[in-house]
Amino acid sequence: MGKRRRVAERRTKKPAVVGGVVAVVVGGAGVGCWALYDGGTAADDRPRTAAAAAQEAVETGPLTAQEVGTAANAFLTAWQQGNVAGAASATDDAAAASALLTGWTKDAHIKDVALTTGTATGAKVPFSVRATVAYKHLTKPLAYDSSLTVVRRAEDGAPLVDWHAAVVHPDLKDGDTLVTGASGTPPVTALDRAGNELTTAAYPSLGTVLDGLREKYGKTAGGTAGVELRVVRGKSSKSSKASDKTLLELSEGTPGTVRTTLDAAFQKEAERQVARQSRASVVLMRPSTGEILAVANSSAGFNTALQGSLAPGSTMKIVTSSLLIDKGLATADGAHPCPKTVTYGGWKFHNDDDFSIKGGTFKASFARSCNTAFISQAKKLDDDDLTNQAQRYFGLGMNNWAIGVPSFDGSVPVQSAAQMAASLIGQGGVRMNPLNMASVASTVRTGTFHQPYLVSPSVDHRALATASGTLPAATLSQLRELMQYTAAYGTAAEAMSGLGPDYGAKTGSAEVDNQKQPNGWFTAYRGDLAAAGVVQAGGHGGDTAGPIVASLLRMGG
């Protein structure tokens, strides 16, 4: 009786309200846990057992604030107390949660964890993490923000934390782990082509590039490793060529030096330009050599400029035009159909605003970006023609580029029927990024594919990719005529104003499912510079990506 009374007395003590949440002292250890306070959440609540849940009707419908608070509280309290089993059981993937949370202590050497929730937005609960990383005689505070989302378990409707590795740290992807120790890869100091140091403080876009340089060249650049907390990428992340990432440095290593082909002046301008747009990316390169002079993205975390995989829209018409010219299906000044619509493979293809050109040339269709001018030729092509053309002359889609950091080489898969037709205008299964499309413009500028690179192959004696063929002279001259005309009089004219006459360009707009505005693309060359950019959900490429590309070409060099 006395024991029950003491428990009851403890539960009647009012918790202190801190910052809109409830701070509860657990077990006398001074550990705080938090939950949304709506009068019904207790510190010792636990998720229902499967047996109990089976006796009740399956809960459906939106989660209540109390359900969200209870589930979040159960998970965060157990995690903070080091109760891995308890925290894992509060998620919808106990095995994955248990593995990562076990590594949090054993591999990452993190202790003294304090978790504080913010204000929930629906089922999403933000929280801050304050802890200490302790490795041998070294310690350093760790602080960052994260969030979790509560969902209903399908079989019984129980509210549980939707498990993803990013709950533990936002830089983690599923399958990644956290490790603290002597880094297996020494740090590097990256230099531009003139010997200027490249840092993320000066050039925020280069974060993923610097990570990639360290991963590839750290062990051979002459540095020594320090001690750090880092993200070690798992199988899934490695398949997308993500690099390991340092989160906290406990002791500095001695960096080695890696010289790149980047140019600090071009890089600064590229960073400035992409910062003006949301989700913008650009690459600048030298066609005669393949050297990458600048690479920038307006959003950090993923290097869309080098690793993106996006439909390139009408910029792909450069490659398609070379195919049609080679096969005698089009000539720059020859008559060519551009109707409002064309049906192929059961799909009806349109031009922007259903325009048409009557009695026009192929050059006019290219300059105005007439989709039907290309789709109308699909019936005369084999399914693998575009794939072969992209590989043979432009070096695309063979997964063999070695630029010095992780990159995606583009993809032009063999397709049939409507999908094959769509690929002719850069839709269907075709996927590119600004690096790939800058390379396409470079190939037209020089007539020969030069694999882009960011670190000279002489540094590590790696072989660069090559294309098996060189564009026929007649095809090349017509491609240049098409791109020059587009830059002077077509959809690229406004952006390229004042840059002629030694120039060429192509715009593009790529439709994306469930996206109101298409991705805007632009690729161009001027002298011995070529660039390509994309603004995701930006609309027409001439209006969005065009000014970014043109600003770099105006710098000359």
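If only residues of the range 69-105 that are more than 32 Å from the chain's Cα centre (by Cα) and in a loop (DSSP other than H, G, I, E, B) are counted, the one that is farthest from S128 (Cα to Cα) is N83. Considering (1) crowded, with 19+ Cβ neighbours inside 10 Å; (2) out of contact with any Leu (no Cβ under 9 Å at 6 or more places or on another chain), the lone condition that L424 does not fulfil carries the number (2).
For A390, indicate whether it is more than 26 Å from the chain's Cα centre (by Cα) and either small (G, A, S) or in a loop (DSSP other than H, G, I, E, B) (or both).
Details: more than 26 Å from the chain's Cα centre (by Cα): no; either small (G, A, S) or in a loop (DSSP other than H, G, I, E, B) (or both): yes.
Criteria not met by A390.
Count of the range 467-502 residues, restricted to those that are among the small types (G, A, S) and in contact with a strand residue (DSSP E or B) (Cβ under 6 Å, 6 or more places away or on another chain), is 2. Taking the range 462-515 as the range and being among the aliphatic types (A, V, I, L, M), under 28 Å from the mean Cα position of the chain (by Cα) and surrounded by fewer than 24 Cβ atoms within 10 Å (Cβ to Cβ) as the test, the residues that pass are A463, L464, A465, A467, V512. Within the range 346-356, the set of residues being surrounded by fewer than 17 Cβ atoms within 10 Å (Cβ to Cβ) and in contact (Cβ under 8 Å) with a residue 40 or more places away in the chain comprises G346, W347, D352.
Residues are listed down the side, and each one gets a yes or a no for (1) of a type outside the set (S, T, N, Q); (2) touching a His at 6+ places or on another chain (Cβ under 9 Å):
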site: A96; (1), (2): yes, yes
site: T116; (1), (2): no, no
site: K124; (1), (2): yes, no
site: F127; (1), (2): yes, no
site: A131; (1), (2): yes, no
site: P141; (1), (2): yes, no
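Applying a threshold of 6 Å to beta carbon distances and a minimum spacing of six or more residues, or different chains, the list of pairs starting in the range 259-284 at a residue that is aliphatic (A, V, I, L, M) and ending at one that is surrounded by fewer than 19 Cβ atoms within 10 Å (Cβ to Cβ) reads A264/N196. Which ones in the range 199-217 are more than 20 Å from A280 (Cβ to Cβ) and more than 18 Å from the chain's Cα centre (by Cα)? T199, A201, R214, E215, K216, Y217 - these are the residues of the range 199-217 that are more than 20 Å from A280 (Cβ to Cβ) and more than 18 Å from the chain's Cα centre (by Cα). Taken as a whole, the structure places T341 among residues that are at pLDDT 95 or above, touching a Phe, Trp or Tyr at 6+ places or on another chain (Cβ under 8 Å), exposed (fewer than 15 other Cβ atoms within 10 Å of the Cβ) and not aromatic (F, W, Y). Here G181 clears all of (1) part of a loop (DSSP other than H, G, I, E, B); (2) at pLDDT below 95 except the condition numbered (1).
I'd like the full set of residues that are hydroxyl-bearing (S, T, Y) and buried (at least 24 other Cβ atoms within 10 Å of the Cβ), limited to the range 305-338.
Residues of the range 305-338 that are hydroxyl-bearing (S, T, Y), as a first pass: 309, 314-315, 320-322, 331.
Scanning the range 305-338 gives S314, T315, T320, S321, S322.
One residue stands out in the range 298-313 among those that are at pLDDT 95 or above and of a type in the set (A, V, I, L, M, F, W, C): the one that is farthest from S407 (Cα to Cα), namely A311. Is one or more of the residues making up the range 146-157 surrounded by fewer than 21 Cβ atoms within 10 Å (Cβ to Cβ) and closer than 30 Å to V227 by Cβ? Yes, the conditions are met somewhere in the range 146-157.
Can you name the residue in the range 521-539 that is without any contact (Cβ under 8 Å) to a residue 40 or more places away in the chain and touching a strand residue (DSSP E or B) at 6+ places or on another chain (Cβ under 6 Å) and is also surrounded by the most Cβ atoms within 10 Å (Cβ to Cβ) among such residues? Break it down stepwise before answering.
Initial filter on the range 521-539 (without any contact (Cβ under 8 Å) to a residue 40 or more places away in the chain): 526-527, 539.
Still in the list and also touching a strand residue (DSSP E or B) at 6+ places or on another chain (Cβ under 6 Å): 526, 539.
Details: R526: 25, G539: 15.
The qualifying residue surrounded by the most Cβ atoms within 10 Å (Cβ to Cβ) is R526.
Within the range 196-238, the residues that satisfy the criterion of being of a type in the set (D, E) and either in a helix (DSSP H, G or I) or farther than 25 Å from L262 by Cα (or both) are D211, E215, E228.
Test D383 against the stated conditions and say whether it is surrounded by fewer than 17 Cβ atoms within 10 Å (Cβ to Cβ), among the acidic types (D, E) and either more than 25 Å from the chain's Cα centre (by Cα) or in a loop (DSSP other than H, G, I, E, B) (or both). Against the criterion (surrounded by fewer than 17 Cβ atoms within 10 Å (Cβ to Cβ), among the acidic types (D, E) and either more than 25 Å from the chain's Cα centre (by Cα) or in a loop (DSSP other than H, G, I, E, B) (or both)), D383 qualifies.
Results for (1) farther than 25 Å from L479 by Cα; (2) modelled with pLDDT of 95 or more; (3) in the same structural domain as L386 (by TED's automatic domain parsing); (4) in contact with a Gly (Cβ under 8 Å, 6 or more places away or on another chain), shown as yes or no for each residue.
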residue	(1), (2), (3), (4)
G234	yes, no, no, yes
V283	no, yes, yes, yes
I292	no, yes, yes, no
A296	yes, yes, yes, no
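The values are calculated or read from the model by the stated rules, or taken from the named source; none is laboratory data. Note that the coordinates shown come from a computational prediction; the quantities given were computed from them, not determined experimentally. Counting neighbours? That spans all protein chains shown, and the Cβs are built from the backbone with ideal geometry, glycine included.
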